[in-house]
Amino acid sequence: MQDRHLFEYAVIRVMPRVEREEFINVGVILYCAKLKYLNAAFKVCPERLKALNCELEVAVIEENLNAIVNICKGGKTAGPIGQLDLASRFRWLTATRSTVVQCSKVHPGFCIDAEETLGKLMQELVL
């Protein structure tokens with residue numbers, strides 16, 4: 001029997017008008033220390049944004065989301081945050097913010113395959 005590994009995840013949200021606290025789930029960040037895994041996936045649906053009377057440009061939102069994915073990958077192209085260890089990058093990405101793109105609280109779970117779990121969470125919480 002394969003071992004199940006503790007993972008943590010947060011839902012990435014777009015909150016067009018922070019003061020209204022209305023948001024749309026657009027992605028997921030998943031971190032598993034044991035598997036040395038940190039990754040994010042996202043999908044922006046312009047129709048959903050319009051439902052919140054959002055005047056934000058989809059391209060700008062996707063730029064911000066791509067920055068999250070790059071920080072997960074790490075390295076020099078991800079800037080100073082991308083140089084940190086996996087746990088520090090995950091904590092930085094999921095820190096509480098009052099911005100248009102932000103994360104939910106962090107939730108735990110157990111997985112065998114982190115990439116597969118990221119896909120399942122995307123399917124359940126975003127798509």
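The values are calculated or read from the model by the stated rules, or taken from the named source; none is laboratory data. Since this is a predicted model, take the numbers as computed values, not measurements. A quick note on method: Cβ atoms are made from the backbone with ideal geometry, for glycine too, and the neighbour counts reach across all protein chains shown.
General observations
- Filter pass, Phe42 being surrounded by 14 or more Cβ atoms within 10 Å (Cβ to Cβ) and either touching a residue at least 24 places away in the same chain (Cβ under 8 Å) or touching an Asp or Glu at 6+ places or on another chain (Cβ under 8 Å) (or both): yes
- Top-ranked residue in region 5-23 [being exposed (fewer than 15 other Cβ atoms within 10 Å of the Cβ) and not β-branched (Val, Ile, Thr); ranked as nearest to Glu57 (Cα to Cα)]: Arg17
- Test: residue in region 1-22 that is in contact with a strand residue (DSSP E or B) (Cβ under 7 Å, 6 or more places away or on another chain) and either among the polar types (S, T, N, Q) or in a helix (DSSP H, G or I) (or both): no
- Residue count for region 32-61, restricted to those that are modelled with pLDDT of 95 or more and either aromatic (Phe, Trp, Tyr) or part of a helix (DSSP H, G or I) (or both): 2
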